[in-house]
Amino acid sequence: MTQPQPLLEVEHLKKFFPIRGGVFGKKMGEVKAVDDVTFSIRKGETLGIVGESGCGKSTTGRAILRLEEPTSGKVRFEGRELTALKGEEMRKMRREMQMVFQDPFASLNPRKTAGEIIAEPLKVHGIGDARKRKEQMKELLQVVGLDSFHAGRYPHQFSGGQRQRIGIARALAVRPKLIVADEPVSALDVSIQSQVLNLMEDLQERFDLTYLFIAHDLSVVRHISDRVGVMYLGRMVELTDRDRLYENPLHPYTQALLSAVPVPDPEPEVRRERIILSGDVPSPSHPPKGCAFHTRCPHVMDICRDVRPEFKDHGDGHFAACHLLDP
Amino acid sequence: MVRPLLEISRFKMYFHTDKGVVKAVDDVDLTVNEGEVVGLVGESGCGKSVTSLSVMGLVPRPPGRVEGGSIRLADRELTHLKGREWRKIRGNVVSMIFQEPMTSLNPVFTIGDQIVEAIRQHRKLDKKAARRLAADSLQEVGISRKGILEEYPHQLSGGMRQRVMIAMAMVCRPKLLIADEPTTALDVTIQAQILDLMRRLNRETGTAILMITHDLGVVAEMCDRVVVMYAGQVVEEADVNTLFNQPRHPYTQGLLQSIPRLGQRAERLYSIPGNVPNPKQMPTGCRFAPRCEYAMNICRTEEPGLFAIGDGQNSRCWLHVDKKEEADRDPTTTTS
């Protein structure tokens with residue numbers, strides 16, 4: 001297998017949010033939402049990112065599109081450095097990469113019709129004239145499984161699944177290469193969820209899309225992704241091929257996470273050993289020293305409390321950050 | 001020996017709005033036996049939450065109105081109860097925990113005050129004894145840290161808040177605990193802790209649990225029996241193994257096929273076509289017919305009853321009728 005050129009490369013990405021307090025809004029500390037994350041996405045693949053709330057997976061997605069300005073680190077898209085781009089250049093760059101948001105209720109303007117919402121990116125980027133844009137908008141509606149009569153309706157007249165289709169059509173309008181989908185199906189019911197997942201897979205094939213798929217549901221991520229990265233407290237702890245991650249997780253956090261997912265089968269063929277972690281995720285404003293997971297890790301050693309483990313390749317592109325894996 | 005604790009039969013709760021009547025719960029039968037864990041499954045708007053709120057007497061009336069049927073809990077009819085009578089039942093015989101533990105705790109009172117209030121509502125204990133009992137109940141749900149009674153809800157994490165809610169719900173040893181999506185707002189590793197806790201409490205105290213959820217994984221791990229609802233009605237009911245291995249209603253089958261499984265990967269997910277019907281304009285005949293791939297002519301004109309198809313499995317579908325004689329219909333569960 002040839003290694004295709006990565007479409008997106010993220011190196012040592014960091015995003016810290018300042019905590020301000022006191023009378024003069026002095027900086028009191030910072031929340032390390034994304035703390036030194038490195039990965040790349042190949043053209044045409046789907047990279048899933050999973051993790052629990054507050055692990056920084058959404059901030060990672062937003063920092064890549066510079067919806068949040070990264071604190072430091074590099075993001076390269078087709079070899080071009082994004083963090084160095086100025087306002088207008090970055091705006092043009094966004095034609096290549098679009099986002100689908102979690103909440104189909106909050107991410108659509110309630111005062112615009114579905115048609116206006118979908119045509120807006122075309123207008124913003126000055127693509128076609130009014131007549132042409134209308135044609136394209138109708139075509140996009142059909143592509144995502146809606147009808148052209150839906151164009152005149154307002155968001156509140158649609159169901160959750162239909163709204164998410166509108167969000168996807170809007171993202172597709174400018175023919176992007178990369179779509180960052182932040183929890184695109186978690187607000188939807190099971191039967192609707194599978195419709196949207198199937199749609200996303202069809203569109204990927206049809207338009208040669210690359211996805212960064214962010215979700216907390218491990219089963220959904222496994223279904224749609226080629227490779228999966230696991231985040232914990234702002235850090236990437238493991239990243240590898242989908243099947244290898246689920247069959248042979250190396251990091252104790254990944255192992256616990258996978259064992260905690262309830263399986264929809266009352267008599268599983270293989271009784272899984274369940275690892276129930278004690279305690280809660282520490283606050284990202286005071287992450288533990290050393291390995292961020294050491295406070296809950298069942299295999300914690302002395303070194304874990306002091307030294308942050310390096311995120312490195314343990315063979316065949318199976319990345320993990322854990323001292324247990326060091327010889 | 002199986003004794004029914006909660007018996008809901010042919011219960012109807014409609015909402016009368018300016019724009020029409022919403023039949024949120026329409027002819028629902030549901031039984032929870034003593035000590036049993038029953039799952040109530042369905043998608044949003046199927047009536048599972050209204051059913052459980054009706055058992056707690058928490059549906060605002062108006063606009064809600066009981067249009068028929070009964071709810072019996074521990075041999076008491078609940079549908080006629082008034083405000084004061086409800087208070088003797090709630091928290092004492094039946095308790096409820098909700099999806100969002102932050103909004104169900106009062107932010108301006110300490111954890112201790114809130115649990116003590118619940119205790120003193122039902123037990124004649126002085127403040128000191130009630131506080132001791134509150135501390136014990138927190139210990140039981142795995143919170144043993146000192147000073148917890150003096151803390152406020154915002155000082156706790158989501159998982160801890162849900163533990164507090166469970167402690168408060170269990171402190172008077174109710175016979176039935178209704179858990180409405182208790183782990184949906186929690187992370188996977190915290191969800192595992194809470195499910196583990198609920199299983200232990202069920203085993204140790206014998207409290208029956210009615211578990212309302214949309215997560216079939218949670219159902220498979222927690223429940224003895226499952227009731228599936230669709231558009232305000234029960235469409236299938238069976239013990240947990242039967243339901244997962246031999247689902248008989250096309251909706252249940254579709255639901256089970258459309259979830260991605262962690263252990264295996266299908267190339268393409270099954271998906272049920274279409275959307276849930278608008279509750280103000282229910283289709284005539286079977287409510288699932290417009291989305292059902294097996295729909296026959298009769299399905300579009302006549303509403304099927306809940307047919308008993310053996311081994312305690314019931315299914316609301318006309319497909320079962322040609323195999324079973326009409327006489328086989330369970331008269332108590334069939335709508336004519």
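Quick note: the coordinates plus some simple rules give every number you see, no bench work behind them. All of these numbers come straight from a predicted model, not from anything done at the bench. We place every Cβ from the backbone using ideal geometry, glycine too, and count neighbours over all the protein chains shown.
Sparsely packed loop sites in the range A:45-152 (the GluC sites (Glu not before Pro) outside DSSP H, G, I, E and B with at most 13 other Cβ atoms within 10 Å) do not occur. Helices in chain A, meaning DSSP H runs of at least 4 residues, each add -39500 (n - 2.57). Divided by all residues, the mean residue ellipticity at 222 nm is -8500 deg cm²/dmol. The modelled label-to-label distance between residue A:273 and residue A:88, using points 7 Å beyond Cα along the C-beta direction, is 6.2 nm.
Fewest neighbouring Cβ atoms within 10 Å first, the residues A:124, A:10 line up as A:124, A:10. This ranking places B:282, B:222 by how few other beta-carbon atoms lie within 10 Å of each, fewest first, which gives B:282, B:222. Sorted from longest to shortest, the spans of the Cα atoms of the protein assembly as shown along the three principal axes equal 72, 65, 53 Å. Cross-link partners for residue B:146 among the aspartates and glutamates, with Cα-Cα distance under 18 Å and sequence neighbours closer than 8 places in the same chain left out: A:280, B:113, B:136.
Please list, by residue number, everything in the range A:142-174 whose backbone N is under 17 Å from a paramagnetic label point 7 Å out along Cα→Cβ of residue B:19. Backbone N within reach: A:153-163. Looking at the range B:40-195, the pairs of alpha carbons with a distance over 19 Å make up 57% of the total.
Of all stretches in chain B that contain no GluC sites (Glu not before Pro) in a DSSP loop with at most 10 other Cβ atoms within 10 Å, the longest one is B:1-266. Potential lengthening of the chain between residue B:72 and residue B:88 amounts to 4.3 nm, from the contour at 0.36 nm per residue minus the alpha-carbon distance. Model label sites at residue A:154 and residue B:34, defined 7 Å from Cα along the beta-carbon direction, differ in position by 5.6 nm.
Calculate, for residue B:136 and residue B:106, the FRET efficiency according to 1/(1 + (r/R0)^6) with r their C-beta to C-beta distance and R0 25 Å; round to the nearest 0.05. Efficiency, from the Cβ-Cβ distance: 0.70. Distance distribution P(r), the range A:144-188, all Cα-Cα pairs, bin width 10 angstrom from 0: 24, 54, 22, 0 percent.
Between residue B:234 and B:29, the built amide H atoms are under 5 Å apart, and every one of these is 5 or more places off in sequence or on another chain.
Extension gain, residue A:139 to residue A:24, is 36.1 nm, computed as 0.36 nm per intervening residue step minus the present C-alpha separation. Among the lysines, which fall within straight-line cross-link reach of residue A:123, defined as a Cα-Cα distance under 24 Å, with same-chain neighbours fewer than 8 residues apart omitted? Once the sequence-local lysines are set aside, what remains near residue A:123 is A:86, A:92, A:112, A:132, A:134, A:138, A:177. Rounded to the nearest 10 degrees, the inclination of helix A:190-207 to the longest alpha-carbon principal axis of chain A is 70 degrees. Here the residues A:223, A:294, B:249, ranked from fewest to most Cβ neighbours within 10 Å of their Cβ, fall in the order A:294, A:223, B:249.
About its Cα centre, the protein assembly as shown has a charge dipole of approximately 2360 debye under the convention of +1 per Lys or Arg Cβ and -1 per Asp or Glu Cβ, with nothing else charged.
Antiparallel DSSP bridges in chain B: what percent, to the nearest 5?
Numbers: 30 of 49 bridges.
Roughly 60 percent of the beta bridges in chain B run antiparallel, per DSSP.
Each Cα pair under 8 Å and six or more residues apart adds its sequence gap; the mean of these over the residue count of the range B:100-173 is a relative contact order of 46 percent. Taking a straight line from the alpha carbon of residue A:74, these aspartates and glutamates sit under 12 Å away, with near neighbours fewer than eight places off in the same chain left out: A:9, A:11, A:36. Taking every C-alpha pair closer than 8 Å and separated by at least 6 residues, the mean separation divided by the residue count of chain A gives a relative contact order of 20 percent.
Once R0 is set to 41 Å, what does the formula 1/(1 + (r/R0)^6) return for the Cβ-Cβ distance between residue A:96 and residue A:310, expressed as a FRET efficiency to the nearest 0.05? Write down the numbers at each step before the final one.
Values: r = 32 Å, r/R0 = 0.78.
That pair, residue A:96 with residue A:310, gives E of 0.80.
Across all Cα pairs in the range B:26-89, the calculated P(r) in 10 Å bins from zero up to the longest distance comes to 17, 54, 28, 1 percent per bin.
Note on chain A: percent of Cα-Cα distances in each 10 Å bin, starting at 0 and stopping at the bin with the largest distance, equals 5, 24, 31, 24, 12, 3, 0. The label point for residue B:80 and the one for residue A:103, both projected 7 Å from the Cα toward the Cβ, are 4.6 nm apart. Of the GluC sites (Glu not before Pro) found in the range A:240-327, the ones in coil according to DSSP and having at most 16 other Cβ atoms within 10 Å of their Cβ are A:269, A:273, A:310. Hull volume per residue, based on the alpha-carbon atoms of the range B:100-173 and their convex hull, is 80 Å³. Dividing the summed -39500 (n - 2.57) terms of all DSSP H runs of n ≥ 4 by the residue count of chain B sets its mean residue ellipticity at 222 nm at -9000 deg cm²/dmol. For the protein assembly as shown, the residue among B:249, B:28, B:137 whose Cα projects farthest onto the positive side of the dipole built from Cβ charges is B:137.
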